[in-house]
Protein chains: 2
Amino acid sequence: MKRLEHNFYRLLHPKVVFLLTSVGKDGRANVMSCAWATPASEEPPMVIVCVAKEHYTAELILETSEFVINIPNKNMEKIIWICGSKSGRNVDKFKEAGLRTFKGKNTEAPLIEGCIGYLECKVEKFIETGECYAFLAHVKNCMVDERYFVRNLWINDSVPMHLGGNKIVYF
Amino acid sequence: MKRLEHNFYRLLHPKVVFLLTSVGKDGRANVMSCAWATPASEEPPMVIVCVAKEHYTAELILETSEFVINIPNKNMEKIIWICGSKSGRNVDKFKEAGLRTFKGKNTEAPLIEGCIGYLECKVEKFIETGECYAFLAHVKNCMVDERYFVRNLWINDSVPMHLGGNKIVYF
């Protein structure tokens with residue numbers, strides 16, 4: 001057994017990668033790649049998403065108390081890297097990554113075309129967790145592409161998961 | 001796109017399964033299978049684990065403010081099911097599942113022999129999240145079996161992940 005000083009968090013990876021969309025009070029939207037999330041309650045449906053305090057996305061979620069979890073498909077790996085390596089403060093990542101969006105049922109934060117699952121979320125509260133905020137949110141609308149989600153389970157090889165570093169894996 | 005009323009949480013699966021150990025004030029320990037966790041901060045190292053309020057484990061964590069995340073290996077699937085389907089209020093699951101334990105560096109909650117990773121955690125705070133408590137904790141000690149964790153990444157086919165229902169998958 002080796003004692004780990006860094007990278008402890010990778011013991012909880014691989015984790016499903018998603019494109020986290022948010023919108024500010026002024027209507028400006030952003031998207032970032034993220035994997036630090038967990039379901040937090042089945043009934044009522046709730047999730048927790050952790051975002052570094054310094055990220056533009058954190059600022060926007062604090063402003064409007066909502067976000068959307070967009071689950072990308074296998075062909076969107078390049079998009080995942082673009083949305084994970086630049087800041088929306090400086091660039092329009094939707095444009096940069098060639099993303100088109102549409103409006104959800106319950107949020108102003110945009111949904112990304114071509115994704116295979118969506119969770120529209122309204123934040124109930126947040127807590128400070130070290131360098132991050134953990135946003136606890138109600139899932140107001142959940143949609144999934146049935147071609148990839150059969151009998152209530154993802155099918156093999158459909159969902160990108162972040163292992164660590166630049167490694168994306170599939171089950 | 002299909003609107004999901006139930007099983008929304010499965011969009012965030014597969015998730016690494018772990019054996020969550022805890023101990024009460026009186027020294028009685030318990031173990032349950034769990035997958036609802038996420039890293040919550042890299043520096044300081046923190047995690048969030050969500051446990052149903054009604055679970056015996058939740059009661060014990062509230063008493064002593066600590067837990068251990070034990071990452072099982074591929075040969076422990078049967079153990080995962082035993083620890084996920086009975087309550088420690090009624091049976092000694094360590095005995096039931098044939099588990100041997102040892103003492104960690106920072107917690108009274110036991111570590112399970114044969115696991116491939118360990119996170120010893122001290123709870124900083126908890127919040128109510130629907131039917132669960134979300135426990136935010138500092139990772140005080142992290143150990144990993146280097147045969148399965150190479151260049152700071154899990155190797156293929158080493159870590160059981162819960163897809164949903166009775167499905168365990170590997171990447």
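The values are calculated or read from the model by the stated rules, or taken from the named source; none is laboratory data. If you're wondering where the values come from, they're calculated on a predicted model, not measured in any experiment. Glycine gets a Cβ as well: all are built from the backbone with ideal geometry, and neighbour counts include every protein chain shown. Quick note on the areas: whole protein, heavy atoms, side chains included, nothing else; ligands and nucleic acids left out. Shrake-Rupley method; radii C 1.70, N 1.55, O 1.52, S 1.80 Å.
Answer yes or no: is there a residue in region B:52-62 that is under 24 Å from B:Ser158 (Cβ atoms) and aromatic (Phe, Trp, Tyr).
no
If the condition is being farther than 27 Å from A:Arg10 by Cβ and open to solvent by less than 10 Å² (accessible area, probe 1.4 Å), then region B:1-26 contributes only B:Gly24. Only one of the numbered conditions (1) over 16 Å from the mean Cα position of the chain (by Cα); (2) open to solvent by 10 Å² or more (accessible area, probe 1.4 Å); (3) farther than 30 Å from B:Phe149 by Cα; (4) of a type outside the set (Phe, Trp, Tyr) is not met by A:Ala29, and that is (1). What's the number of the condition B:Pro110 fails, among (1) more than 10 Å from chain A (Cβ to nearest Cβ); (2) farther than 15 Å from B:Pro72 by Cα? The one condition B:Pro110 does not meet is (2). Out of A:Pro45, A:Pro72, one residue alone is open to solvent by 10 Å² or more (accessible area, probe 1.4 Å), more than 22 Å from A:Gly130 (Cβ to Cβ), within 14 Å of chain B (Cβ to nearest Cβ) and not polar (S, T, N, Q). It is A:Pro45.
Anything in region A:48-59 that is open to solvent by less than 30 Å² (accessible area, probe 1.4 Å) and free of Cβ contacts under 8 Å to residues at least 40 places away in the same chain? List them, or say none.
A:Tyr56, A:Thr57
Among the residues of region A:1-36, which ones are among the acidic types (Asp, Glu) and either in a strand (DSSP E or B) or closer than 27 Å to A:Asp92 by Cβ (or both)? First the steps, then the outcome.
If we filter region A:1-36 for residues that are among the acidic types (Asp, Glu), which is where we start, we get A:5, A:26.
Within region A:1-36, just A:Asp26 meets the criteria.
For region B:144-160, name all the residues that are within 8 Å of another protein chain (Cβ to nearest Cβ) and surrounded by fewer than 20 Cβ atoms within 10 Å (Cβ to Cβ). Hits for region B:144-160 are B:Asp145, B:Glu146, B:Asn152, B:Leu153, B:Asn156. Of the residues A:Glu120, A:Glu96, the single one that is open to solvent by 10 Å² or more (accessible area, probe 1.4 Å) and either in contact with a Lys or Arg (Cβ under 7 Å, 6 or more places away or on another chain) or among the hydroxyl-bearing types (Ser, Thr, Tyr) (or both) is A:Glu96. The single residue among B:Tyr170, B:Tyr133, B:Tyr118 that is over 15 Å from the mean Cα position of the chain (by Cα) and touching a residue at least 40 places away in the same chain (Cβ under 8 Å) turns out to be B:Tyr170. Tell me yes or no: at least one residue of region A:61-77 is hydrophobic (A, V, I, L, M, F, W, C) and farther than 23 Å from B:Ile127 by Cα. Yes, region A:61-77 contains at least one residue that is hydrophobic (A, V, I, L, M, F, W, C) and farther than 23 Å from B:Ile127 by Cα. Applying the set (1) under 24 Å from A:Phe126 (Cα atoms); (2) away from chain B (no Cβ under 14 Å) to A:Leu19 leaves exactly one unmet item: (2). Of the residues examined, A:Phe126 is not one that is modelled with pLDDT of 95 or more, more than 12 Å from every other protein chain (Cβ to nearest Cβ) and buried (at least 17 other Cβ atoms within 10 Å of the Cβ). Tell me, which residue of region A:128-169 that is assigned to a loop (DSSP other than H, G, I, E, B) and β-branched (Val, Ile, Thr) is nearest to B:Gly165 (Cα to Cα)? It comes out as A:Ile155. Would you say B:Glu66 is of a type outside the set (S, T, N, Q), open to solvent by 20 Å² or more (accessible area, probe 1.4 Å) and closer than 26 Å to A:Asn7 by Cα? Judged against the criteria, B:Glu66 is not a match. Just one residue in the set A:Asn90, A:Asn106 is open to solvent by 40 Å² or more (accessible area, probe 1.4 Å) and touching a residue at least 12 places away in the same chain (Cβ under 8 Å); that residue is A:Asn106.
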